[in-house]
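Peer 1: For reference, the structure I am asking about is given below.
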Amino acid sequence: MNVERKSEAVKRKHLAPAAAILATGALVLSACGEAPEDSAAGDGGGDNSDYKACIVSDQGGWDDKSFNESAKAGLDMAVEELGIDHATAESSADADFGPNVDNMVSQGCNITLGVGFLLEGAIHDAAEANTDLHFGLVDATFTDDDSNTVELDNGKPIIFNTAEAAYLAGYLAAGMSESGTVATFGGIQIPSVTIFMDGFVDGVAKYNEDNGDEEVKVLGWDKEAQSGSFSGDFENQSQGQALTEQFISQDADIIMPVAGPVGLGAASAASADGDTSIVWVDQDGYESTEYGDIILTTVQKEIATAVKDTIAQDVEGNFSSEPYVGTLENGGVDLAPYHDFEDEVPEELDAKVQELKEQIISGDIVVESPSTP
């Protein structure tokens, strides 16, 4: 499988349907990946210094306040608790993925994890070329050139059914909206992004169904058509700001960006407006960003724990290629606390959100998305 060819195919497949890719000025990042960071073993509870776990970021980098940072935290936890060696490589562009993964392989990493859908090609190729080593892929499954899911004996997908938690966020947002309009947008139109948006839209629809006298609108995503608003990448915060200002001008007062660091641009615009709140994604934005006072909640993925556990299983000789799927039931996804909004969310609305959570866990409600893992 050719990484460059696959990367271009992914872009053609997933970027073409995007209905609203803005062309405002870019926040330019470095054009090449940073040299991999190599470190000695931690001081954890085991003597596993001969084991090396490695991880490669996507273009958002380790300080994205989102999924890359969460995955890196999982590696750090494994180093601390298991006493293993490790190395990291931060990518700044698609062209860095292959070389960064190859560098990890050349260092003899026992397991190499790629963070994000866009790393699939590089991790897939490395796994097929190095069957004696183990690999992990955060937020995506392995696929063939026709996008059919395939299994690799030495590759483990680490994926999350975020539609379930996003459904709760959509219901909450609809109940908290004063304007009757909420919005969502993504970074790039890929399954690990649109699955959030699908769940969010369905949660709003459920609120409208339960409250017949109200009709909350969702801007930015048409689930049926699978089309909507995207910034075009996970880096350009000015794109997130511009999209959010556009939504605010259309009366949206709660917005969910699913775009990594681009979401910081959305939060900046919401903060400047003064009457707009944000639903963050991946890791609790109240804790990880400076915009906690406007973050209603976060659709969380427990990426750090999943990464740490995957490494621990491999250290123990129990590697499995069976996908890890985070759900509400196993705690792999959830809603973060309301934090500063705790006293503003009506008790009856919170009670309904908790009831819906239990109904999803029990199977009484099934949240569906074309991107459900």
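The values are calculated or read from the model by the stated rules, or taken from the named source; none is laboratory data. None of the values given here were measured: they were computed from a predicted structure. Neighbour counts run over all protein chains shown; Cβ positions are idealised from the backbone, glycine included.
Peer 1: Could you say which residue among D350, D275 is surrounded by fewer than 20 Cβ atoms within 10 Å (Cβ to Cβ), in the same structural domain as D233 (by TED's automatic domain parsing) and in a loop (DSSP other than H, G, I, E, B)?
Peer 2: Numbers: D350 fails: in a loop (DSSP other than H, G, I, E, B).
Only one candidate qualifies: D275.
Peer 1: So, of the residues in the range 154-209 that are part of a helix (DSSP H, G or I) and touching an Asp or Glu at 6+ places or on another chain (Cβ under 6 Å), which turns out to be nearest to G317 (Cα to Cα)? Walk me through how you get there before you give the answer.
Peer 2: Applying the first criterion (part of a helix (DSSP H, G or I)) to the range 154-209 yields 162-176, 191-209.
The next check asks that each one be touching an Asp or Glu at 6+ places or on another chain (Cβ under 6 Å); those that pass are 163, 165, 167, 192, 208.
On the way: A163: 32, A165: 33, Y167: 37, S192: 29, N208: 50 Å.
For the range 154-209, the residue satisfying everything is S192.
Peer 1: When the residues of the range 210-248 are filtered to those that are aliphatic (A, V, I, L, M) and either out of contact with any strand residue (DSSP E or B) (no Cβ under 9 Å at 6 or more places or on another chain) or part of a loop (DSSP other than H, G, I, E, B) (or both), which remaining residue is surrounded by the fewest Cβ atoms within 10 Å (Cβ to Cβ)?
Peer 2: Only one residue fits best here, namely A225.
Peer 1: Next up: Please find, within the range 136-157, the residue that is farthest from G114 (Cα to Cα) out of those that are of a type in the set (D, E) and out of contact with any Phe, Trp or Tyr (no Cβ under 9 Å at 6 or more places or on another chain).
Peer 2: Checked the range 136-157; the qualifying residue farthest from G114 (Cα to Cα) is D146.
Peer 1: Next question. For T305, all conditions in the list (1) hydroxyl-bearing (S, T, Y); (2) more than 19 Å from A73 (Cβ to Cβ); (3) in contact (Cβ under 8 Å) with a residue 12 or more places away in the chain hold save one; what is the number of the exception?
Peer 2: So the condition that T305 fails would be (2).
Peer 1: Would you tally the residues in the range 78-123 being over 19 Å from the mean Cα position of the chain (by Cα) and hydrophobic (A, V, I, L, M, F, W, C)?
Peer 2: Summing the residues that are over 19 Å from the mean Cα position of the chain (by Cα) and hydrophobic (A, V, I, L, M, F, W, C) in the range 78-123 gives 11.
Peer 1: Return the total of residues in the range 126-140 being buried (at least 18 other Cβ atoms within 10 Å of the Cβ) and in contact (Cβ under 8 Å) with a residue 60 or more places away in the chain.
Peer 2: 4
Peer 1: For I255, which of the numbered conditions (1) within 17 Å of F341 (Cβ to Cβ); (2) part of a helix (DSSP H, G or I); (3) not aromatic (F, W, Y) fails to hold?
Peer 2: Only one criterion is unmet by I255, namely (2).
Peer 1: Mind listing just one residue for me: the one in the range 39-66 that is of a type in the set (A, V, I, L, M, F, W, C) and modelled with pLDDT of 85 or more and, of those, nearest to the chain's Cα centre (by Cα)?
Peer 2: Going residue by residue through the range 39-66, those that are of a type in the set (A, V, I, L, M, F, W, C) are 40-41, 53-56, 62.
Subsequent filtering for residues that are modelled with pLDDT of 85 or more retains 53-56, 62.
On the way: A53: 21, C54: 20, I55: 16, V56: 15, W62: 13 Å.
Top of the filtered list is W62.
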